[in-house]
1. Starting from the Cα-Cα distance between residue 83 and residue 2, subtract it from 0.36 nm times their residue separation and give me the gain in nm to one decimal.
2. Suppose R0 equals 35 Å; then what is the FRET efficiency for residue 75 and residue 22 from their Cβ-Cβ distance, rounded to the nearest 0.05?
3. How many angstrom lie between the Cα centre of the stretch 53-94 and the Cα centre of the stretch 1-17?
4. Could you tell me which of 103, 65, 5 has its Cα farthest along the dipole of the chain towards the positive end, charges placed at Cβ (Lys, Arg +1; Asp, Glu -1), taken about the Cα centre?
5. Using a cut-off of under 20 Å, list every residue of the stretch 86-112 whose amide N is near the label point 7 Å from the Cα of residue 129 along the Cα-to-beta-carbon line.
6. So what is the relative contact order of the stretch 18-148, in percent, for Cα pairs below 8 Å that sit 6 or more residues apart?
7. Placing +1 at every Lys and Arg Cβ and -1 at every Asp and Glu Cβ, with all other atoms neutral, what dipole size does the chain have around its Cα centre, in debye to the nearest 20?
8. Residue by residue through the stretch 4-18, what is 3J(HN,Hα) from phi via Karplus (6.51 cos²θ - 1.76 cosθ + 1.60, θ = phi - 60°)? Round to whole Hz and write x for glycine and proline.
Amino acid sequence: MNPPLELRLLARLRVPIEAPIVAGEVGGGERRIIPIGAGTVSGPVLFGEVLPLGADWNLRRPDGTETVAARYLLRLTDGTVLSVRNEGVLTPGSAGPEGITALQIEAPVDSPWAWLNDAVLVGSLAVIFDGDAVAGVSLEYWSTHRRQV
């Protein structure tokens with residue numbers, strides 16, 4: 001029997017995004033590079049800020065779905081800088097695009113966050129609107145772990 005799994009919430013992020021840079025039609029859809037602004041990281045495990053350095057190499061497909069291929073940095077309250085790669089697919093939802101992502105976090109090996117280097121992480125993502133304009137994204141990071149039976 002496989003071990004049962006649970007999800008543990010690590011953090012909630014709110015991140016403003018800038019207007020996309022449209023690269024044009026490529027194989028599979030329209031490539032858009034979406035710059036990532038300074039945002040917040042609020043626990044329950046990770047606390048800090050999203051640094052305004054990074055982008056999502058988004059692909060808008062003809063069927064209305066969008067791929068997420070984002071790279072960005074987090075600076076935690078203890079000063080540790082984490083590198084994040086977050087990838088997934090957004091589908092149209094009732095309040096706007098939403099989706100599930102898989103993410104990898106690279107942490108310094110000599111930090112208390114080194115366990116993130118080997119963690120299996122998933123995320124949820126929803127687009128934040130200001131009126132009709134896209135203002136940012138809301139993300140949640142979740143870690144999988146084995147449930148004790």
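1. Working: separation 81, 0.36 × 81 = 29.16 nm, distance 3.14 nm.
Taking 0.36 nm per residue and subtracting the Cα distance, the gain is 26.0 nm.
2. Values: r = 30 Å, r/R0 = 0.85.
E(calc), rounded to 0.05, equals 0.75.
3. 15 Å
4. So the residue we want is 5.
5. Answer for the stretch 86-112: 90-100.
6. 14 percent
7. Here the size comes out at about 260 debye.
8. Karplus values, whole Hz, x for Gly and Pro: x, 10, 10, 10, 10, 5, 9, 6, 10, 10, 10, 9, x, 10, 9.
The values are calculated or read from the model by the stated rules, or taken from the named source; none is laboratory data. What you see is a predicted model; the values in this text were computed from it and never measured. Every residue, glycine among them, receives a Cβ derived from its backbone with ideal geometry; neighbour counts consider all protein chains shown. Accessible surface is based on the protein model in full, side chains and every heavy atom, while ligands, DNA and RNA are left aside. Shrake-Rupley method; radii C 1.70, N 1.55, O 1.52, S 1.80 Å.
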